[in-house]
Amino acid sequence: MRNKKHLDESRKTGQTSGTIMAIYSYEKYVTFLQALVLADVKGIKENCMKFGAGEDLYTFFTSILTMKPWERVIDPAVDHLAINDHSDLQIYGPEYFSQVTELLRRLPRVILLMMKTNDCLRSVNNALLQRPSLESFLIIGRVSSEAVIEEKQLHAKTLFSRITVWFEEISLEARFILMRMALWALQFKKSLSL
C-alpha cells in the first residue's frame, strides 16, 4: 500500500477529505479482512470499532459480512468461513431489521461500498465454481496480509521495527501455508467421500 504517499499527494493536490477517508478506510478494511481469515477476535473487534460498528454491533456486522454466526467466524478451523449450507443464512430474518438499519447508519459509505463489492465478488465466485470456495478466503487473507505488511514496512523507521515486521511477514506466510495444506486435506477428504 502506498497510503502515506497518497495522503501526501492528496494534501499537495488539494484532493478532498473523502479521498483521504477512502484510503484510510481501505487500510482498516484490509486489516479487518486479515483478522477475519485468521479468526483473530481482537483484530476483528478493533477494526469493527474503527468502522463505527460499535461495541454493541461489531459481532452482528461481522456475521452479516461473512454470512456466518459469530461462533463460526471466530472458530480457528481452516473452513470457518465456508458456507456449507444455507441454514447459516437464516439467522438474518426480519427481527434484525432495526440492527441492520442502525449498522448502515453508523458505517462510512466507503465501507458500505466495500461490503457490496465483497458480496458481488462472492456471488461471481459461487456462480463460476458452482460451489462455495475456501480458496477465495485464503486469497483475500493473503492479499490483505500483504497490504498490511507493506503498510507496516512503510512506517518502520528503526532496524528493530523492520525486523519485527519481517518476522510478522514470515509468521503470516507460514500460517497461510498451513491453511493451504489443511484446505488440500479437506478437499482430498471430500473427494474420497464422493
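Just so you know, all these numbers are worked out from the coordinates, no wet-lab data involved. Given the structure is predicted, the values throughout are model-derived calculations rather than measurements. Backbone-built Cβ (ideal geometry, glycine too); neighbour counts: all protein chains shown.
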On the formula 1/(1 + (r/R0)^6), with r taken between the Cβ atoms of A174 and R106 and R0 of 30 Å, the FRET efficiency rounded to 0.05 is 0.25
What ranking, highest mean first, results for peptides 121-127, 46-52 when packing means the other Cβ atoms within 10 Å averaged over each residue?
46-52, 121-127
Quick check on packing: order 94-101, 174-181 by the mean number of other C-beta atoms within 10 Å, highest mean leading.
174-181, 94-101
